[in-house]
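Engineer: Before I ask anything, let me first share the structure, which is written out below as structure tokens.
The values are calculated or read from the model by the stated rules, or taken from the named source; none is laboratory data. These numbers were taken from a predicted model, which means no experiment stands behind them. So basically every Cβ, Gly included, is an ideal-geometry build from the backbone, and we count neighbours across all protein chains shown.
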């Protein structure tokens, strides 16, 4: 057997830990399926998805320098077909009583300019008094 990245094998779960499951592929050859590679959905407890002795189909997704194999169950099975997303309903024009974003922005800028000019006039008057005018 050629154990290289991308190969798919049938194996047997030999041990379960909180971070994944060990799968035996052949006598003397086993690898780890990390908890994130068990299912395409969130897995909080490995025992909810796998049991010891269970036959599983795995794909080799990595082999490190020491020969340890990283396996994936979710990569070995086709992805579940989900319903196509529906387009959101078309946006309706804002009601005549509700101002648009542009209107709100324009009003904000006008109010800001008015406040800034008022502050500037006040500070100019205050500064003139200090200079003795």
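Engineer: Tell me yes or no: at least one residue of region 107-122 is modelled with pLDDT of 90 or more and either under 22 Å from the mean Cα position of the chain (by Cα) or surrounded by 11 or more Cβ atoms within 10 Å (Cβ to Cβ) (or both).
Structural biologist: Looking for residues that are modelled with pLDDT of 90 or more and either under 22 Å from the mean Cα position of the chain (by Cα) or surrounded by 11 or more Cβ atoms within 10 Å (Cβ to Cβ) (or both), one finds at least one in region 107-122, hence yes.
Engineer: Taking region 70-101, which residues are modelled with pLDDT of 75 or more, exposed (fewer than 10 other Cβ atoms within 10 Å of the Cβ) and within 30 Å of residue 25 (Cβ to Cβ)?
Structural biologist: Matches in region 70-101: 78 only.
Engineer: Still on this structure, please answer the following. Please enumerate the residues belonging to region 45-69 that are exposed (fewer than 10 other Cβ atoms within 10 Å of the Cβ) and part of a strand (DSSP E or B).
Structural biologist: Within region 45-69, just 55 meets the criteria.
Engineer: Restricting attention to region 1-44, and to residues there that are out of contact with any strand residue (DSSP E or B) (no Cβ under 6 Å at 6 or more places or on another chain) and without any contact (Cβ under 8 Å) to a residue 12 or more places away in the chain, which single residue is surrounded by the most Cβ atoms within 10 Å (Cβ to Cβ)?
Structural biologist: Among those residues, the one meeting the criterion is 43.
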